[in-house]
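First up is the structure itself, then whatever we jot down about it.
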Amino acid sequence: MILYIFSALGLILLLKGAEWLVTGASMIAYRLRVTPLVIGLTIVAFGTSAPEFTVNIYAAYTGNTDIAIGNILGSNIANVFLILGVSAIIYPLKAMGSTVKKEIPFALFVATLLIFLVSDHIWGNYVFIGLSIWDGLILLAFFLGFLAYTFRIPLKEHDAFDSESVPAASFPKAVGLVIIGLAGLVLGGKWIVDGAVEFAMRMGMSEALVGLTVVAVGTSLPELATSAVAAYKKQSDIAIGNVVGSNIFNTLLILGASALVNPLPFSQAYYFDLAANFLACLILWVFLILNKTHTLGRFKGGLLLAVYVGYILFLIFKNYPQ
């Protein structure tokens, strides 16, 4: 019982830590005068992906690799189908032309790269099936390239910050919020992994199923809150950029770093989720590119949400074996 209480507290710490981290980072970014798209793709995406990062690093370090893998794949799938689905229902999301032509195709490339790296045993003399240390280095190298590209996105006049949308604060206070947020995320990540593993053992569920559902949705709540609020405020760049950026961060940075901590073995069961991760990016890109205004409307948002409900039900009924 105590462990479950700590798990609940861990989830609260994850959410509050992410909120403090994003708030502090936004204050700093406001003073650096970077475009909202860059904020969505980097600072907000990293802030809301920080729960996944802390959960994964701790899970990899303790050898709970199924939690680490399931958390990222489940979070990526939830980001597109659940979070963008809900956000588009709240208010239609219009993507920038560059997002449809560059950022989303890159996210699709990243999903493809992950399948390629996991499957390299098919065409090579490799015994290990999954992400090795070398695979982790490849993912991190692409992540550095993504950061270099992102910060070259020019600031346009119409992208200027609204000073009323960012809380006024001194630079030390902003840095303090970032530090406190990170501390909350680290502690919350440890508690939620401990609780998830115990829950899996007692309920007879596999760690993979728990990672793909309970942990993935729990650590995706910051993205859901951020994108939903952004949609309500009609800030489509933040809503879409947060999700696309988070998926890129999750795969390249978090899985890459996790593989360096401890190689991540992939079972055959994960190929379904790898395919679902790829299809999520592909469906999002098709939905936006087939629309002349690159808008994700309420009907398409409802379709995304329906797909996610079906995916969760499938996982529950299938129930991965231990």
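The values are calculated or read from the model by the stated rules, or taken from the named source; none is laboratory data. Bear in mind the structure is a predicted one, so any value in this text is a computation, not a measurement. Ideal geometry is used to build each Cβ from the backbone, glycine not excepted, and the neighbour counts take in all protein chains shown. When the accessible area is computed, the model is the full protein with side chains, heavy atoms only, and any ligands, DNA or RNA have been set aside. Shrake-Rupley method; radii C 1.70, N 1.55, O 1.52, S 1.80 Å.
Each 5 Å bin from 0 upward holds the following percent of the Cα-Cα pairs of the range 261-322: 4, 13, 20, 20, 15, 12, 9, 6, 2, 0.
Think of a 1.4 Å ball rolled over the protein heavy atoms: the chain then has 44 Å² of accessible area per residue.
Of the labelled figures [x] 125; [y] 114; [z] 144, only one reflects volume of the Cα convex hull per residue in Å³ as derived from the coordinates, namely [x].
Between I129 and F266, the built amide H atoms are under 5 Å apart, and every one of these is 5 or more places off in sequence or on another chain.
Normalised by the number of residues in the chain, the mean separation of alpha-carbon contacts (under 8 Å, six or more apart) gives a relative contact order of 44 percent. Note down the nm distance, to one decimal, between modelled labels 7 Å out along Cα→Cβ at F171 and at F317. If labels sit at F171 and F317, their model points lie 5.8 nm apart. A simple packing score, the average count of other Cβ atoms within 10 Å per residue, orders the peptides 271-277, 312-318, 142-148 as 271-277, 142-148, 312-318, with the highest score first.
For K292, K102, the ranking by accessible surface with the largest value first comes to K292, K102, using a 1.4 Å probe. Distance between the 7 Å Cα→Cβ label points at F116 and I12: 4.6 nm. Rounded to two decimals, the Cα radius of gyration of the range 47-113 over 2.2 N^0.38 Å is 1.34.
Between I289 and F128, the C-beta separation translates, for a Förster distance of 41 Å, into a calculated FRET efficiency of about 0.65.
Working from the Cα coordinates of the range 234-281, the gyration tensor eigenvalues give, after taking √(5λ), semi-axes of 25, 16, 5 Å in decreasing order.
Here the accessible area of the chain is 72 percent carbon and sulfur, with a 1.4 angstrom probe and all protein chains present. Taking the convex hull of the alpha carbon positions in the range 175-322 and averaging its projected area over all directions gives 10.7 nm². For R202 and I180, the FRET efficiency from 1/(1 + (r/R0)^6), where r spans their Cβ atoms and R0 equals 41 Å, is about 0.80.
With the highest mean first, a sort of the peptides 129-135, 61-67, 173-179 on other beta-carbon atoms found within 10 angstrom per residue produces 61-67, 129-135, 173-179.
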